[in-house]
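Read the structure below first, then the notes.
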Amino acid sequence: MSVAIASFAVFAASQVGTPGPANMALMATGARYGFKAALPFVAGVALGKQLVIWPVGFGLMELADRAPWVFETLKYISAAYIIWLAWKVANMRLSSVRGADQAPGFVAGLIVHPLNPKAWAMIVGGFTAFVGPGTSTLEATASIAAVLLACQIILHPLWTLAGDRIARTLAGTPFEPYLMWTLAALTVASVLFVLFGGGT
């Protein structure tokens, strides 16, 4: 047996491309610092998901079965962290800070997905729903890692660019606070949906 690559690619694209904590962080970063300055952060976010995929593929699922409380606890800690980030975004004002300080870099991007409950749910769902029985661990993990990375390379920059373009239009206008509050609210909503709505 093997991995259902085509089906998983559709699933992955739908998940990577829809609003979630990571995409809201990317949009907010693009809005605050501009697309070009945000690119190292974008690269870190894309590669950071690999820090979840490979441990899950090589045995973390077994630990989850033995001690599910560990993952349940981590899920809520991660959600609290992302909600705190959303609060910071809500209080950010583009007109006063855009370009005034340094954009978050590659390392800051690396930790986004390990702390993102949507990423964990997406990856676990990939292994459980699209990997056939008897598939080798290496084949399954490498396939899921490659498909998700390809989706991220295409879609993550688009979210960042969208933030940049929206900010260019709204920075310094009366609509600016509403943009930041909306980004923050969408981030919180996406986390709550993953925690309580059963979504991925």
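The values are calculated or read from the model by the stated rules, or taken from the named source; none is laboratory data. For clarity, every value in this text was computed on a predicted model and none was experimentally measured. Note that each Cβ is placed from the backbone with ideal geometry, even for glycine, and that neighbours are counted across all protein chains shown.
Being buried (at least 18 other Cβ atoms within 10 Å of the Cβ), at pLDDT 85 or above, assigned to a helix (DSSP H, G or I) and not hydroxyl-bearing (S, T, Y) is a description that applies to F41.
Residues that are without any contact (Cβ under 8 Å) to a residue 24 or more places away in the chain and part of a helix (DSSP H, G or I) within the stretch 166-179 comprise R168, T169, Y178, listed in sequence order.
Each row is one residue, and each column tells you yes or no for (1) assigned to a helix (DSSP H, G or I); (2) at pLDDT 70 or above.
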{"position": "L63", "(1), (2)": "yes, no"}
{"position": "F71", "(1), (2)": "yes, no"}
{"position": "Y76", "(1), (2)": "yes, yes"}
{"position": "W87", "(1), (2)": "yes, yes"}
{"position": "S95", "(1), (2)": "yes, no"}
{"position": "A103", "(1), (2)": "no, yes"}
{"position": "V107", "(1), (2)": "yes, yes"}
{"position": "A121", "(1), (2)": "yes, yes"}
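Considered as a group, the residues in the stretch 180-200 that are in a loop (DSSP other than H, G, I, E, B) and loosely packed, with under 14 Cβ neighbours inside 10 Å include one that is modelled with the lowest pLDDT, and that residue is G198.
Among residues that are modelled with pLDDT of 90 or more and crowded, with 18+ Cβ neighbours inside 10 Å, F35 is included. Within the stretch 1-27, how many residues turn out to be small (G, A, S), crowded, with 20+ Cβ neighbours inside 10 Å, at pLDDT 85 or above and over 20 Å from G132 (Cβ atoms)? Residues flagged as small (G, A, S), crowded, with 20+ Cβ neighbours inside 10 Å, at pLDDT 85 or above and over 20 Å from G132 (Cβ atoms) within the stretch 1-27 amount to 2. The set of residues in the stretch 153-177 being touching a Leu at 6+ places or on another chain (Cβ under 8 Å) and either at negative phi or crowded, with 16+ Cβ neighbours inside 10 Å (or both) consists of H156, P157, W159, T160, G163, I166, A167, L170, A171, E176.
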